[in-house]
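Engineer: Handing you a structure now.
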Amino acid sequence: MKRHLSMFVLAVCVLAGVSHAPAFAQSDVYLCIDANGKKEYKNTGVTKGCKLVDLPQSKPIPAPASANSAAKKPLAKNASTPAGFPKVDEGTQKSRDSDRKQILSDELKAEEQKLDALKKEYNGGDVERRVDEKMAAKYVERVNNLKSDIARAEKNIEALKREIGNLK
């Protein structure tokens, strides 16, 4: 029992040490050509017609110093925009926010009118049949489409109200 535990601890220590070491995967590459002349690259040359490809040894490229130092620095809590990000003056931003609020309000008004029209046509589930709806299937399809359109309009209204509420 102790032997199994000590082997487990040893394995964990080895794996912990390996996980902190940089990993370099380098293997032999073989170019294999089959009977039809089709070329295929493999990591083993056990099949007939395979030749070892002479590849130059690659060296790992370290990350730039600025990336290393930036990764170690904690981010400032109030840094919302990068240093070089273009900024607009307060008056321009207020104008944009006002325009955005007006656009959202107009969309909300249009969506509410659309919902009212849909509810009026739906008539609480007692939808009037049209002349072209002699078959029950067409009528049922239109009623189902009205239900889904009403649900969609209600979701749009909720989203628009939420968006307007999130404005400064």
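Engineer: Under 7 Å between Cβ atoms, which residue pairs at least 6 apart in sequence (or on different chains) link something in region 51-64 that is over 17 Å from Asp28 (Cα atoms) with a partner that is open to solvent by 80 Å² or more (accessible area, probe 1.4 Å)?
Structural biologist: Pro60/Pro22; Pro60/Phe24
Engineer: Go through region 118-164 and count every residue that is open to solvent by 60 Å² or more (accessible area, probe 1.4 Å) and not polar (S, T, N, Q).
Structural biologist: Residues flagged as open to solvent by 60 Å² or more (accessible area, probe 1.4 Å) and not polar (S, T, N, Q) within region 118-164 amount to 24.
Engineer: Tally time: how many residues in region 77-124 are more than 19 Å from Ser148 (Cα to Cα) and hydrophobic (A, V, I, L, M, F, W, C)?
Structural biologist: So the first thing to find is which residues in region 77-124 are more than 19 Å from Ser148 (Cα to Cα), and the list is 77-107, 109.
Those still in the list that are hydrophobic (A, V, I, L, M, F, W, C) too: 79, 83, 85, 88, 103-104.
Residues that pass the stated criteria total 6.
Engineer: Scanning region 63-109 for residues that are touching a helix residue (DSSP H, G or I) at 6+ places or on another chain (Cβ under 8 Å) and open to solvent by 80 Å² or more (accessible area, probe 1.4 Å), which turns out modelled with the lowest pLDDT?
Structural biologist: In this case the residue turns out to be Lys101.
Engineer: Moving to a separate point now. Filter region 40-61 for residues that are assigned to a loop (DSSP other than H, G, I, E, B) and among the aliphatic types (A, V, I, L, M); which is most open to solvent (accessible area, probe 1.4 Å)?
Structural biologist: Start the filter on region 40-61 by keeping residues that are assigned to a loop (DSSP other than H, G, I, E, B), which leaves 43-49, 53-61.
Right, trim to among the aliphatic types (A, V, I, L, M) and you get 46, 53, 55, 61.
Values: Val46: 129, Val53: 44, Leu55: 89, Ile61: 154 Å².
Looking at the filtered set, the residue picked out is Ile61.
Engineer: So which residues in region 15-31 are open to solvent by less than 100 Å² (accessible area, probe 1.4 Å) and either over 26 Å from Pro56 (Cβ atoms) or modelled with pLDDT of 85 or more (or both), if there are any at all?
Structural biologist: Listed by number, the residues that qualify are Ala16, Gly17, Val18, Ser19.
The values are calculated or read from the model by the stated rules, or taken from the named source; none is laboratory data. Everything quoted here is computed from the prediction, not taken from an experiment. FYI the Cβ positions are ideal-geometry reconstructions off the backbone, even for glycines, and counts take in every protein chain you see. We work out accessible area using only protein heavy atoms, side chains counted, and drop any ligands, DNA or RNA first. Shrake-Rupley method; radii C 1.70, N 1.55, O 1.52, S 1.80 Å.
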